[in-house]
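Since the structure comes first, as structure tokens, the remarks are kept for the end.
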Amino acid sequence: MNGPPLLDRRFAARPDRLRDIRSAVAEAAGRLGCADRIVQDVVLAVDEACQNIIRHAYRGLGGDIVVQLGGEPGRLVVRLIDFAPPVEPARIVPRALDDLRPGGLGTHFIRTVMDDVAFLPPPPGAGNLLQMVKWIGGAS
Amino acid sequence: MEIKEEAIGEAVVLIPQSRVDSATAKVFEGKVVAVVNSGAPRVIIDFSDLDYISSAGLRVVLVGAKMTRAPRKFALCGMKPQIREIFDVSGFSKILAIHPDRDTALSA
């Protein structure tokens, strides 16, 4: 992420905060000049990733999620930082679409609508850092 | 969350309002399961008042569809483009009955 992010906020890791997270992400992505379709994709990916953090990383016990969004030449970068125990990325895989258990479909969404998804080394004191990148053409 | 309900002939139409995400999906699931279990021959979910749905909401739709046994019918209609896109991304568009509007869903 080049320079300070357009969005850098800490949210409580609770389902009732997802609406505020979506609004903040949509506003920041809009400020980057992204098309509506791209904004919708990024909002969906962040929402699904935060749901997974709440449900699987924190196991519903609560905590915080730091949401960062910024622009680099030709791409939008989102980073989600949590303070839960480190996850094992190999275990986070999409499941069959008709599998009714929660979780796998969200991972499918994230990988479908974003161009690059990776866990990076988290900053000191954090548990996990998920980076998601969306190519946005000429905007930065 | 608010979910409107209308009875039209043999059909029950559910109209979820605003958004279905992981914070509201349990309420949505309770309503869908109750209506499907009521034995209505045709259950339609009209998405025309919905602005956002996440995987938690889609899971509820799939639960309703899987609970419905022929000759009863379970159908969806009235999706705004951003809602339709989420169904397309999920692959659910290929396995669920999706109609452009309520009249089409009622007559299918």
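Each value in this text was obtained by applying a stated rule to the coordinates, not by laboratory testing. The model shown is predicted, which means the values in this text are computed figures rather than measured ones. Reconstructed Cβ throughout: ideal geometry from the backbone, glycine too, with neighbour counts over all protein chains shown.
Of all residues in segment B:8-26, those that are within 9 Å of chain A (Cβ to nearest Cβ) have Cβ atoms under 7 Å from Cβ atoms of residues that are surrounded by 13 or more Cβ atoms within 10 Å (Cβ to Cβ) and of a type in the set (D, E), 6 or more apart or on another chain, in B:D21/A:D47. Checking each residue in segment B:96-108 for being without any contact (Cβ under 8 Å) to a residue 12 or more places away in the chain and of a type outside the set (D, E) picks out only B:S107. Can you name the residue in segment B:65-93 that is small (G, A, S) and in contact (Cβ under 8 Å) with a residue 12 or more places away in the chain and, of all such residues, is nearest to the other protein chains (Cβ to nearest Cβ)? The qualifying residue nearest to the other protein chains (Cβ to nearest Cβ) is B:S90.
I want to confirm something. Restricting to segment B:31-47 and keeping residues that are surrounded by fewer than 14 Cβ atoms within 10 Å (Cβ to Cβ) and either touching a strand residue (DSSP E or B) at 6+ places or on another chain (Cβ under 9 Å) or on the phi > 0 side of the Ramachandran plot (or both), which single residue is farthest from the other protein chains (Cβ to nearest Cβ)?
B:P41
For A:R17, the test of being within 10 Å of chain B (Cβ to nearest Cβ) and either within 23 Å of A:G63 (Cβ to Cβ) or touching a residue at least 24 places away in the same chain (Cβ under 8 Å) (or both) is passed.
Among the residues that make up segment A:43-58, is at least one of them among the acidic types (D, E), closer than 27 Å to B:M1 by Cβ and not in a helix (DSSP H, G or I)? Checked segment A:43-58: no residue is among the acidic types (D, E), closer than 27 Å to B:M1 by Cβ and not in a helix (DSSP H, G or I). Taken together, B:L96, B:L62, B:L50 contain a single residue that is within 14 Å of chain A (Cβ to nearest Cβ) and closer than 20 Å to A:D41 by Cβ, which is B:L50.
Which count do you get for residues in segment A:1-20 that are among the aliphatic types (A, V, I, L, M), in contact with a helix residue (DSSP H, G or I) (Cβ under 7 Å, 6 or more places away or on another chain) and either surrounded by fewer than 23 Cβ atoms within 10 Å (Cβ to Cβ) or outside any helix (DSSP H, G or I) (or both)?
Start the filter on segment A:1-20 by keeping residues that are among the aliphatic types (A, V, I, L, M), which leaves A:1, A:6-7, A:12-13, A:18.
Cutting the leftovers down to in contact with a helix residue (DSSP H, G or I) (Cβ under 7 Å, 6 or more places away or on another chain) gives us A:6-7, A:13, A:18.
From what's left, either surrounded by fewer than 23 Cβ atoms within 10 Å (Cβ to Cβ) or outside any helix (DSSP H, G or I) (or both): A:6-7, A:13.
Counting residues in segment A:1-20 that are among the aliphatic types (A, V, I, L, M), in contact with a helix residue (DSSP H, G or I) (Cβ under 7 Å, 6 or more places away or on another chain) and either surrounded by fewer than 23 Cβ atoms within 10 Å (Cβ to Cβ) or outside any helix (DSSP H, G or I) (or both) gives 3.
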